[in-house]
Every structure is written in C-alpha cells, then in structure tokens.
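Read through the structure below, which is laid out as structure tokens, and then see the notes.
The values are calculated or read from the model by the stated rules, or taken from the named source; none is laboratory data. Predicted model, so just to flag it, every value in this text is computed and none were measured. A quick note on method: Cβ atoms are made from the backbone with ideal geometry, for glycine too, and the neighbour counts reach across all protein chains shown.
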Amino acid sequence: MKKYEYSNKALIVFFVLVVALSTVIDVLYCKGVGDYLVAFLMWVPAFSSLIANVVNCIEKNEKFSFKTFIYRNGFNFTNPLFIAMAVLIPFVYLFIPYRIYWTMYPNNYAYTGVPITMVLSDCFLYTVICVVMGLLTAAGEEIGWRGFMLPALKERFGENKSLIVSSLIWCLWHFPLLIWGGYMEGTPLWYSLISFVLCIFPVGIICGLLRIKSNSMWPCAFLHAAHNAYDQSVFAILTRGDNRMFFVSETGIFTIICAWTVVFLMYLKYKKDER
C-alpha cells in the first residue's frame with residue numbers, strides 16, 4: 001500500500017471540516033448576521049488544514065509541531081520573482097478586460113477624460129495597501145487550498161488531475177455566496193454560476209502552477225490578494241454600467257478569455273521547463 005505524506009484520513013477530515021464550517025458561516029452570512037463573517041469563511045480552509053495536520057501526525061505516530069505544519073503547508077519563503085509574478089499576472093488578466101470595456105462604453109468609465117495612466121498612478125499606493133490588507137484573508141484560503149489540499153491531491157492523482165480537481169473544488173466552494181449571498185450580482189444566476197467557474201477555474205490552475213513551481217503557498221496568497229484588490233477595490237470603483245458584469249470582473253466574458261489565455265501560456269511554459 002502506497003504511503004502518502006498526507007494521509008487519507010487527514011484529507012477526509014480536511015474536506016469534512018471545510019464543508020461543515022463553511023456551511024454554518026454561509027448560512028449565517030446569508031441570513032444577514034454580518035459582512036465580517038466573510039473573513040472567518042476565508043480562514044476555514046486554513047483552520048481545517050491545521051486540524052488535518054494534527055490527524056496526519058497521529059496517523060503517522062508523529063508528534064505534532066507547528067514546524068511540521070508550516071513545512072507541509074508550504075509556508076517556506078521562495079524566490080521573490082514568483083511573488084512579483086503573482087502580483088503582475090492578475091493585473092494582466094483583469095486590466096485588459098476592463099480597458100476594453102471602458103473603450104466600448106466610455107461613459108461607464110468613472111474618470112472620463114482622465115488618462116488611465118494618471119488614474120493608475122494615483123491609485124498605486126492605495127492598490128498596494130489593498131493587496132497587503134487582502135493578504136490577511138487570502139492567506140487563510142491559500143494555506144488550505146494550495147498549501148494543504150493541492151499537494152495532498154497531487155500525491156494521489158498527479159499534477160494535471162490535482163490541478164483540475166483543486167480548482168473545481170475552489171470554484172464550487174463559492175457557490176453558496178453566489179446563489180444566496182449576493183456575491184457577483186449583475187447577471188442572471190445561471191449565467192453567473194457558469195461564467196464564474198469559467199473565470200475562476202483557470203485562476204485556480206494558475207495558483208496551482210505557482211505552488212508547484214515555487215514549492216510555496218505565498219505566491220498563491222499574493223495572487224489571490226492582488227486579484228481581489230484589483231477587481232473589487234480598484235477597477236470596480238472606476239467602472240459603472242449595468243451590463244459590466246457580463247464583460248468584466250469574475251463573470252465577464254473578457255476576463256474569461258484573458259484568464260484562459262494566461263493559463264494556457266503558463267502551462268505551456270511550465271511543461272517546456274519540465275522537459
């Protein structure tokens with residue numbers, strides 16, 4: 001019987017806790033208890049991976065330590081180039097769609113007549129702060145998703161299947177908020193669910209590739225934080241229009257095309273480097 005670094009029981013415990021705790025928080029949030037619950041929700045994967053690591057140590061007759069937890073969840077530092085890539089990549093696949101939309105609908109650009117370079121320059125410090133603040137919650141997800149779950153799945157299914165499965169799980173985890181929580185409103189629900197998966201699935205693959213290549217979860221956390229900051233705190237503020245969610249953000253056709261283009265190029269480069 002094949003021995004895994006991450007035991008089957010630990011992986012099962014991780015998924016059970018993620019589903020159970022997320023369900024409780026999703027229900028409370030959708031009932032209007034408070035927006036602060038989103039932060040707790042985003043730390044559910046990290047907490048679940050911590051308990052799963054305890055179970056993993058018990059299974060292996062090891063003494064649990066945070067040093068082991070940090071090692072197994074990819075807390076190690078990595079080449080700063082991967083962090084730079086993680087911050088730049090979401091800017092590319094998000095800015096291009098917004099730029100196209102602003103060109104198509106100039107009246108929906110909040111700063112009509114002001115050069116975009118000037119606006120981005122003025123927003124630079126604000127954007128940096130948003131990314132850093134975003135790490136406080138994005139890290140919670142990535143410690144669990146790409147820190148623990150992806151390596152555990154990779155042991156069992158190999159790189160390609162683990163990238164696919166982990167990205168699908170990440171997409172589906174957002175469904176309660178999409179259906180009942182008012183997340184990414186602006187399109188019919190059926191369209192929102194389909195387009196969200198088509199958009200976020202390649203982003204999950206990108207995060208997975210960075211995790212495998214860097215052997216660290218930090219690039220994933222930075223990409224996640226940068227993605228949220230660019231889309232929700234910067235570009236969304238610059239954009240008006242009732243139809244915008246059909247074109248930009250996490251349900252927009254332009255974002256879907258750009259995200260798939262980026263992941264395709266990244267995957268080709270990754271496979272080339274592996275030869």
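Data for the structure
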| read-out | value |
| --- | --- |
| Subset of the stretch 81-115 (residues that are at negative phi and outside any helix (DSSP H, G or I)) | Tyr105, Tyr109, Ala110, Tyr111, Thr112, Val114, Pro115 |
| Failed criterion for Cys220 (all others in (1) out of contact with any Phe, Trp or Tyr (no Cβ under 6 Å at 6 or more places or on another chain); (2) within 27 Å of Asn107 (Cβ to Cβ); (3) not basic (Lys, Arg) hold) | (2) |
| Hey, Leu135 aliphatic (A, V, I, L, M) and either without any contact (Cβ under 8 Å) to a residue 12 or more places away in the chain or in a loop (DSSP other than H, G, I, E, B) (or both) or not | no |
| Residues of the stretch 206-216 satisfying the condition of being in contact with a Phe, Trp or Tyr (Cβ under 7 Å, 6 or more places away or on another chain) and buried (at least 24 other Cβ atoms within 10 Å of the Cβ) | Leu210 |
| Odd one out for Tyr71, checked against (1) more than 22 Å from Trp173 (Cβ to Cβ); (2) among the aromatic types (Phe, Trp, Tyr); (3) in contact (Cβ under 8 Å) with a residue 40 or more places away in the chain | (3) |
| Close pairs (7 angstrom Cβ cut-off, 6 or more residues apart or separate chains): among the aromatic types (Phe, Trp, Tyr) in the stretch 246-258, not in a helix (DSSP H, G or I) anywhere | Phe246/Thr187; Phe246/Gly252; Phe254/Phe247; Phe254/Val248 |
| Subset of the stretch 70-121 that is among the aromatic types (Phe, Trp, Tyr) and over 28 Å from Tyr270 (Cα atoms) - its residue that is modelled with the lowest pLDDT | Tyr111 |
| Residue match in the stretch 37-47 (condition: exposed (fewer than 14 other Cβ atoms within 10 Å of the Cβ) and either small (Gly, Ala, Ser) or in contact (Cβ under 8 Å) with a residue 40 or more places away in the chain (or both)) | yes |
| Among (1) more than 30 Å from Ala236 (Cβ to Cβ); (2) surrounded by fewer than 14 Cβ atoms within 10 Å (Cβ to Cβ); (3) of a type in the set (Phe, Trp, Tyr) - the single one Tyr6 does not satisfy | (2) |
| Which listed residue is of a type in the set (D, E, K, R) and under 25 Å from Gly182 (Cβ atoms), from Lys31, Lys60 | Lys31 |
| Within the stretch 56-80, considering residues that are surrounded by 19 or more Cβ atoms within 10 Å (Cβ to Cβ) and not in a loop (DSSP other than H, G, I, E, B), the one nearest to the chain's Cα centre (by Cα) | Arg72 |
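Residue by residue, here is whether (1) farther than 28 Å from Phe77 by Cβ; (2) modelled with pLDDT of 95 or more; (3) within 15 Å of the chain's Cα centre (by Cα); (4) crowded, with 22+ Cβ neighbours inside 10 Å holds:
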{"residue": "Glu141", "(1), (2), (3), (4)": "no, yes, yes, yes"}
{"residue": "Gly144", "(1), (2), (3), (4)": "no, yes, yes, yes"}
{"residue": "Ser166", "(1), (2), (3), (4)": "no, yes, yes, yes"}
{"residue": "Trp173", "(1), (2), (3), (4)": "no, yes, yes, no"}
{"residue": "Trp180", "(1), (2), (3), (4)": "yes, yes, no, no"}
{"residue": "Trp190", "(1), (2), (3), (4)": "yes, yes, no, no"}
